[in-house]
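The values are calculated or read from the model by the stated rules, or taken from the named source; none is laboratory data. Since the model is a prediction, treat every value here as computed from it, not as a measurement. Positions of Cβ are generated from backbone atoms using ideal geometry, with glycine treated the same way; all protein chains shown enter the neighbour counts. Areas reflect the complete protein model, heavy atoms only, side chains present, ligands, DNA and RNA absent. Shrake-Rupley method; radii C 1.70, N 1.55, O 1.52, S 1.80 Å.
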Amino acid sequence: MHKLVITGGARLKGEIPVSGAKNAALPILCASLLSAEPLVLENVPALEDVATTLKLLRQMGVAVERDGSTVRLDASRLDNPVAPYDLVKTMRASILVLCPLVARTGRARVSLPGGCAIGARPVDQHIKGLELMGAKVRIEHGDIVAEAGGPEGKLRGARIVTDLVTVTGTENLMMAAVLADGDTVIENAAREPEVVDLAECLIAMGARISGAGTDRLLISGVPTLKGATHRVMPDRIETGTYLTAVAAAGGDVTLTGVRSDTLDAVLQKLGETGAWIEIGADRATIRIVADRRPHAVNIRTAPYPAFPTDMQAQIMALNCIAEGTGVVTETIFENRFMHAQELLRMGASIDIEGNTAVVTGVARLAGAHVMATDLRASASLVIAGLVAEGETVIDRIYHLDRGYDGLEQKLAAVGAQVMRRR
Ligand code: EPZ
């Protein structure tokens, strides 16, 4: 199992290019199932979760060609609308094939995703929406088995109000609705930029969608979708992660290829830490005065446009070495503080009460042997390693490889002392 070895203390200086967004690429790859014509995607990040999704699509019959960050998907022959347990268990986002398969083929068998480290993460809202669109859905030996109920195996438009804001739930139901008979309204829809990016790709394929980015989506079903070319949006969480690393470690770094309009809550919070940040059309420069500790900040995670839960662990790491006390409240997932246990082993001062963590900044963390538990927890430990005294060894960094494209190369290029070891 690979490890990351980080020697802390270096200030970071230079440029980091940001990759395509994992959480936009995954639903958009699954959107290829909706058309018999090729979908060409640019700026697809080189991530484990992308590789898993491509493997899943291939075993359904999708022809996949990859040339660097460009991927060509041809779903003209779909002969196996099944997502098996051995793939779904490694990546919950596999649930995103459920609705495209039912919309395109009239049926699907998708292994019910189990829980994961950060929470139970049920998919009841995905199923509820499908049933409102006329599908018959049952659970059989751990699989979701769904059949479109309408004539010639088609879904019908419906009014759906999700019980809570769900990102992949919104994305799945939008993909169900684009080929349904009639109009669908999704109320209480997720407003995340990745939902908007998926909508833009579907519209390029001929879908009729309005309201993307608001909490009310209106989709008018069309008989078929055509092929298209779409460029995946930049990853706002990767951008926020590197900005937070510089805010914690100090330095002067410019991130290129960013979409800063998707990061308002994060940029605002980093400004409160005392960081100087300059925003350009597609770049963001962060500069930290030498030998100045960041100010601690309070964050409360919530659906977009509020502070993203995927940035919570990274800000907690910054708070560990900040001046003052920062309160971190996690409202989306029930168990997303596992990084705290590892940060405590590095000398952090964190008191956890339910979904709230009170972090009292200390002057220095001490390098230690720590273990990654989930994707963003891993990023948090990387940031802690960059600022800690001495060497930090992070185990189980396969979690990191799921969501960060070339992290150690990008950090080493701006002066971090980080390397991968078997
Ligand atoms: C997406 O997960 C992201 N993943 C997550 O990013 C992100 O943390 C999350 O949205 C919240 O922003 C992808 O986009 C691939 P939800 P998702 O459905 O869609 C509950 C990362 O680090 N819920 O918005 O699975 C759920 O348990 C990953 O990149 C139900 O109860 O999250 C959670 O408490 C981690 N029933 C809340 O809603 C449902 O049917 C929000 O979950 C669906 C969700």
Practice problem: Considering only segment 131-149, state which residues are crowded, with 17+ Cβ neighbours inside 10 Å and assigned to a loop (DSSP other than H, G, I, E, B). | Solution: Met133, Gly134, Ala135, Ala148, Gly149
Practice problem: Return yes when Pro308 is of a type outside the set (Ser, Thr, Tyr), within 11 Å of the ligand (Cβ to nearest atom), within 23 Å of Ala190 (Cβ to Cβ) and open to solvent by less than 40 Å² (accessible area, probe 1.4 Å) and no when it is not. | Solution: yes
Quiz prompt | Ile277 being closer than 30 Å to Ala212 by Cβ, under 23 Å from the mean Cα position of the chain (by Cα) and at pLDDT 95 or above | solution = no
Quiz item: Of all residues in segment 197-214, which are within 13 Å of the ligand (Cβ to nearest atom) and charged (D, E, K, R)?
Solution: Asp197
Quiz item: Of all residues in segment 166-196 being in contact with a strand residue (DSSP E or B) (Cβ under 8 Å, 6 or more places away or on another chain), within 13 Å of the ligand (Cβ to nearest atom) and not hydrophobic (A, V, I, L, M, F, W, C), which is farthest from Ala146 (Cα to Cα)?
Solution: Arg191
Quiz item: Quick check: is even one residue across segment 26-41 closer than 22 Å to Ala228 by Cα, within 22 Å of the chain's Cα centre (by Cα) and β-branched (Val, Ile, Thr)?
Solution: yes
Quiz item: Of these, Pro113, Pro122, which one is open to solvent by 60 Å² or more (accessible area, probe 1.4 Å), free of Cβ contacts under 8 Å to residues at least 60 places away in the same chain, within 13 Å of the ligand (Cβ to nearest atom) and within 20 Å of the chain's Cα centre (by Cα)?
Solution: Pro122
Quiz item: Restricting attention to segment 315-331, does a residue exist that is farther than 23 Å from Arg364 by Cβ, open to solvent by 10 Å² or more (accessible area, probe 1.4 Å) and within 15 Å of the ligand (Cβ to nearest atom)?
Solution: yes
Quiz item: When you go through Arg138, Arg156 one by one, which is the residue that is among the charged types (D, E, K, R), under 19 Å from Val222 (Cα atoms) and either within 16 Å of the ligand (Cβ to nearest atom) or over 26 Å from the mean Cα position of the chain (by Cα) (or both)?
Solution: Arg156
Self-check item: Candidate set: segment 10-25, residues that are aliphatic (A, V, I, L, M) and over 18 Å from the mean Cα position of the chain (by Cα); chosen: the one surrounded by the fewest Cβ atoms within 10 Å (Cβ to Cβ)
Solution: Ala10
Self-check item: Tabulated pairs, segment 302-314, first of a type in the set (Phe, Trp, Tyr), second assigned to a loop (DSSP other than H, G, I, E, B) and within 9 Å of the ligand (Cβ to nearest atom), C-beta under 9 angstrom, 6+ apart or interchain
Solution: Tyr304/Val165; Tyr304/Ala190; Tyr304/Glu192; Phe307/Thr301
Exercise. Please work out which residue is farthest from Ile321 (Cα to Cα), limiting yourself to segment 260-302 and to residues that are open to solvent by 50 Å² or more (accessible area, probe 1.4 Å) and within 16 Å of the ligand (Cβ to nearest atom).
Key: Asp264
Quiz item: Going by the structure shown, is Ala103 within 22 Å of Ile397 (Cβ to Cβ) and either surrounded by fewer than 18 Cβ atoms within 10 Å (Cβ to Cβ) or more than 21 Å from the chain's Cα centre (by Cα) (or both)?
Solution: no
Quiz item: Given the structure, is Pro234 within 16 Å of the ligand (Cβ to nearest atom) and under 24 Å from Pro113 (Cβ atoms)?
Solution: no
Quiz prompt | Residues within segment 366-422 that are polar (S, T, N, Q), modelled with pLDDT of 95 or more and open to solvent by 30 Å² or more (accessible area, probe 1.4 Å), tallied | solution = 2
Quiz item: Across segment 125-134, what is the total count of residues that are over 14 Å from Glu171 (Cβ atoms) and near the ligand (Cβ under 10 Å from one of its atoms)?
Solution: 2
Practice problem: Pull up segment 333-353, narrow it to residues that are away from the ligand (no atom under 16 Å from the Cβ) and charged (D, E, K, R), then point me to the one that is nearest to Glu389 (Cα to Cα). | Solution: Arg345
Exercise. Of the numbered conditions (1) touching a helix residue (DSSP H, G or I) at 6+ places or on another chain (Cβ under 9 Å); (2) more than 29 Å from Phe333 (Cα to Cα), Ala204 fails exactly one; give the number of that condition.
Key: (1)
Quiz item: Restricting attention to segment 367-397, which residues are within 15 Å of Lys3 (Cβ to Cβ), more than 14 Å from the ligand (Cβ to nearest atom) and not hydrophobic (A, V, I, L, M, F, W, C)?
Solution: Gly367, His369, Gly385, Glu391, Thr392, Asp395, Arg396
